[in-house]
Each structure stands twice: as structure tokens, then as C-alpha cells.
Amino acid sequence: MTSFALIDGNSFYCSCERVFDPAIAKRPVIVLSNNDGCAVARTAEAKALGIGMGEPYFKIRDLCRDNGVAVYSSNYTLYGDMSARLNAIYRQWSPDVEVYSIDESFLDMTDIRPADRVTFGRDLRSTVQRWTGIPTCVAIGPSKTLAKFANHVAKKNPELGAVCDLTDAAVRQSWLDRAAVGEVWGVGSASERKLFGLGIETAGDLARVDARLARNLLSVVGERTVLELQGISCLPLEDVPPQRKGCAVTRSFGTPVTDLAGMLEAVAAYAMRAGEKLRRHGLEATYMAVFMHTSRFNQKDKPHSAQTTVHFPEASNDTFDLIRAAQSGARKIFRDGYRYSKAGIIMNDLVRAASQPRPLFDARDRDQSERLMTALDAVNGKFGRGSLVPASTGIKRHWQAKFDRRSPRYTTNIKELPVALAR
DNA sequence: TCTGGGGTCCTAGGACCC
DNA sequence: TCTGGGGTCCTAGGACCC
């Protein structure tokens, strides 16, 4: 019988910060989104203060100050590195690991005897705690959706000791009957509303729905969810990540952009970042969509939103090609007299760099482009991202997002290593 | 003053083709 | 008065996820 474990880091970003600063071990901690915008990770202590997921920071600033909340900008370099360490441990425990997100992985448990699964979970999480300092939660079920549900149960019921096994059908049903249908993985607010209208209110109700009815109601996705809740595994473990299909770099500005020059700098910087991502994955873009818009929250600003698409003569991941495209798109849609709050570039239909047909008479010198990009990536790899950049990405960068409370890159930058004093 | 970023998948509808 | 049918491809938009 198929079986999955879902293991995830508790308040993962906050836990990463705690690993390197014992002084905040007992304090409430939150981590903010890009541009220090919203709270995207909260410890149990922070949740207890009433800080919601995605809550704008400016609304809770006073609350944080008055309650001694430790507030951090997001430090993705640190979290990404910690995530890699966790997965390295998981791979020692299971040959088949799917990295589902930065803080969640699925493990194949099929070969672990049902009676041994809880012990397996306890041992795994205590090893992770000891080796990385990150507290985790291990949830087990016969399908991915039920493993996700087991994770929800473990989080809501601390007496389970952060390990929850829903292999047993009767145990499973009693938990399902006690949870709202919206807690099920794949049931968002729109589907929840629809289901409520039909009297399907709990996860248990949904598990009892006829699969064909679920398909009519919520398409094949909903049908799959129902089958998975019934213990029929429909979503296999994907231990080899599929080739990515798109690549986007979009950012809110630190301060609104009102002039074309600033906008051109910003999109050039995004294009540079996109080039790094594409080359790392061995992919090329065939076109680029460029967009910009004003703030949807600020009622006083005149609203403006625009988007355009620029096609490449041939697929490319050369930073300078990308910058040219981004800037030409931005020139086309930029209007004077607006306060833009955000811009971005989006590329879909990516193709493998190696498999691209080349024109017989190539106007560009591909070898030179490749050598230049390799050198650029090597310099930035060695001295840190942003060490060598095209001048068109700007010097002053008024538009750049804020990260006023970012912790050091403890594990990936030699100059930012944590210091321990022995007395 | 201050409200994130980056993905995936599905469906419907139009254009186009034979 | 009659006015096919079936297929593909593309795009926009919705829904969901972390």
C-alpha cells in the first residue's frame, strides 16, 4: 500500500533566524515579505499575538514594538541553504524524496511497515533538530493529500508530538470529520464557498462525495482531491523535478517610480536577474512580457496598468538581449504622470538552450555571448550576486525594494559567518 | 508614508484548418 | 429552406499553492 510522509519546517523562515540567534528562541518572531511588506512567517508566539498570515507590516508595527516581536526582512539565501541541508538529511533516510517547496518535502514511506512509521517520523525529526536546529513536523498518509491533512492535524494538536500517522482508516475519518473542508489541500476559498452551498462543510463530507459529482463541481482537480481523501493515491511522488515552464522577475518598488529613466533601470535589473535564472537552468526565452502598474491600494494616485510582449528573433538567455527586450517593452508602455509601484517581466514557453536550432548565417556571435555570460556568472558566483552588473541597471537605484531588517547570510558568505564566543 | 513573489494546472472560447 | 463536424492551437482568466 502506497504511503507518503510530508515533513515540513515549523514557521520555517522564523526557525532559520532562531538557529543563528539564540536570543530570540523564546520571543515571538516574524519574517516579512519582499520590500518589508507583509508578515509571511510567524512563530506560535507571534500568532498568539494575533498577527495574521500576510498582514501588512505597517498595520502591526506598534504591536510588534510593544510586544518585543523580533522582525526580520526575508533572507532567501539563508533559507534556501538551510532547506538544502534538510533535504540532504531526508535523502539519507529515504531514497525517494520530492522537494515540494522551500520548507516541505514528501518522502516515500511505502517500504516502511505501518507499525514502524510513527517511530520513523520521531527519529527523523529528532535527527533534523539535532543536526540543523530546525523543528519539523512529520505527517504520514496513504496519499499526498492525506499526508498534507495529517500535517494540519499535527499542527493543531501539539499533544501528538509533531508526528501524525493517518494510515488507519477509522482514525483518519474521525479527524476528517472534525476539520473544515477549506483545510483540505487543493480546496481554496472559491471551492470552499461552492461546497458550503451544497452542505459539504467538513473534510469528511468531501471524502464521502461521489468522485463523478466532484468532477462536475470542481473539475478533474477536485475529483482527484476526493479520491486522494478516500485513500486512493492519484499524485505520484515526483522525485525528479520537471523542467520549469516559466520564469518571472517582478518586484514592488521601495519608492514609487515616476520617471522613465528609473523604470528602465529597474526592468534592466530584473532582466539581469532573469538571465541568471535562465542560465542556471540551461533554458532560453523566446519572448518576454513586460508590465508595470500603479498601487492598487493608494486611492489618491491615478491608476494605470499596462503590459506588452516583446518577441526575440531567436531564443536567448543573454543578459544584454534580455535587457534590450525589457527596456524596449518598458519604453512602449511607460506614461509620464503616474506613480508606478511595481513592474516585472514574465517569460513562458522556455526552451532548452542546447536544443535550439541556430540560423545558418548568425548575425550574433554566440560564442562571444556565451563566454561573456559565463564570465559574468563566475564573477558574481565568486564575489556575490551584484558584484558585476551592466551599467544600465543603475547606480543609485531609488526604486530598489527595502530590506531594512535582513539577517546576515550566515551559511553562504564567508564575511557573514556567525561568531560564537567561548568564555 | 508603508499592502510579496513565483509558480502550476485547468477551462472556456476564439481562430484556424481540413 | 437548407447552412458539418471534428480537430488543434493559442490565449486569457481563474483557482490554487507555498
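Read-outs: derived from the displayed coordinates by stated rules, not from any lab. Computed from a prediction, not measured in an experiment: that's the story for all the values here. As a convention, Cβ positions derive from the backbone with ideal geometry for all residues, glycine included, and neighbour counts pool all protein chains shown.
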Quiz prompt | Signed unit charges on C-beta, dipole axis of chain A, positive-most listed residue A:THR2, A:ALA48, A:THR110 | solution = A:ALA48
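If you place +1 on the Cβ of every Lys and Arg, -1 on the Cβ of every Asp and Glu, and leave all else neutral, what size is the dipole of segment A:4-164 about its Cα centre, to the nearest 20 Debye? Present the calculation step by step, with values, prior to reporting the outcome.
Numbers: 19 positive and 18 negative charges, 69 e Å.
Its charge dipole is roughly 320 debye.
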Quiz prompt | Built amide H within the under 5 Å cut-off of A:ALA315, gap 5+ | solution = none
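If Lys and Arg each add +1 and Asp and Glu each add -1, what is the summed charge of the other residues whose beta carbon sits under 9 Å from the beta carbon of A:ALA306?
Details: positive: A:LYS332, A:ARG335; negative: none.
Net charge in that neighbourhood comes out at +2.
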Quiz item: Using θ = phi - 60° and the Karplus form 6.51 cos²θ - 1.76 cosθ + 1.60, what ³J(HN,Hα) does each residue of segment A:62-73 get, whole Hz, x for Gly and Pro?
Solution: 5, 4, 5, 5, 5, 10, x, 6, 7, 10, 10, 6
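Do any chymotrypsin sites (Phe, Trp or Tyr not before Pro) in segment A:180-270 lie in a loop, going by DSSP, with at most 13 other beta-carbon atoms within 10 Å of their beta carbon, and if so which? If you can, show how the numbers build up before the last one.
Working: sites: A:TRP185, A:PHE196, A:PHE253, A:TYR270; in loops: A:TRP185.
Taking segment A:180-270 and a limit of 13 other Cβ atoms within 10 Å, no loop chymotrypsin sites (Phe, Trp or Tyr not before Pro) are found.
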Exercise. Assign one of three labels to segment A:230-374, namely rounded, prolate or oblate, based on the Cα gyration tensor with a ≥ b ≥ c the square roots of its eigenvalues; rounded applies when a/c is under 1.5, prolate when it is not and a/b is larger than b/c, and oblate otherwise.
Key: oblate
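For segment A:168-230, report the translational diffusion coefficient in µm²/s to the nearest whole number, using Stokes-Einstein at 37 °C, 0.692 mPa s, and a Kirkwood Rh over Cα pairs.
On the way: Rh = 11.3 Å.
Roughly 290 µm²/s, to the nearest whole number.
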Practice problem: Mind pulling the per residue volume of the convex hull built on the Cα atoms of segment A:4-164? Å³ is fine. | Solution: 108 Å³
Quiz prompt | Around A:GLY381: net Lys/Arg minus Asp/Glu count, Cβ-Cβ under 15 Å | solution = +4
Self-check item: Cβ-placed point charges (K, R +1; D, E -1), dipole of segment A:168-230 about Cα centre in debye, nearest 20
Solution: 180 debye
Quiz item: Amide H neighbours of A:TYR100 under 5 Å, counting only residues 5+ apart in sequence or on other chains, H built in-plane at 1.01 Å?
Solution: A:SER105, A:PHE106
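Between the DSSP loop rule and a limit of at most 15 other Cβ atoms within 10 Å, which trypsin sites (Lys or Arg not before Pro) in segment A:1-45 are left?
Details: sites: A:ARG18, A:LYS26, A:ARG42; in loops: A:LYS26.
Answer in residue order: A:LYS26.
Which value in deg cm²/dmol, rounded to the nearest 500, describes the helix-derived mean residue ellipticity at 222 nm for chain A, given -39,500 (n - 2.57) per DSSP H run of n ≥ 4 and division by the residue count?
Taken over chain A, the calculation gives -12500 deg cm²/dmol.
Within a Cβ distance under 13 Å of A:ASP336, other residues only, what is the Lys/Arg minus Asp/Glu net charge? Numbers along the way, then the final one.
Working: positive: A:LYS302, A:ARG331, A:ARG335, A:ARG339; negative: A:ASP259.
With Lys, Arg at +1 and Asp, Glu at -1, the net is +3.
Under the √(5λ) rule applied to the eigenvalues of the Cα gyration tensor, what semi-axes describe the equivalent ellipsoid of chain A? Give them in Å, descending.
Values: eigenvalues 315, 147, 124 Å².
Taking √(5λ) for each eigenvalue gives 40, 27, 25 Å, largest first.
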Quiz item: A:LEU283's amide H: which non-local residues (gap 5+, or another chain) put their own amide H closer than 5 Å, with H modeled 1.01 Å from N in plane and none for Pro or chain starts?
Solution: A:ALA353
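How high is the relative contact order of chain A, in percent, counting Cα pairs under 8 Å that sit 6 or more residues apart?
Details: 741 pairs, mean separation 68.4, N = 423.
About 16 percent, as a whole number.
Dipole size in debye (nearest 20) for chain A around its Cα centre, Lys and Arg Cβ +1, Asp and Glu Cβ -1? Each step should come with its number before you reach the end.
Details: 58 positive and 47 negative charges, 255 e Å.
With only Lys, Arg, Asp and Glu charged at Cβ, the dipole is about 1220 debye.
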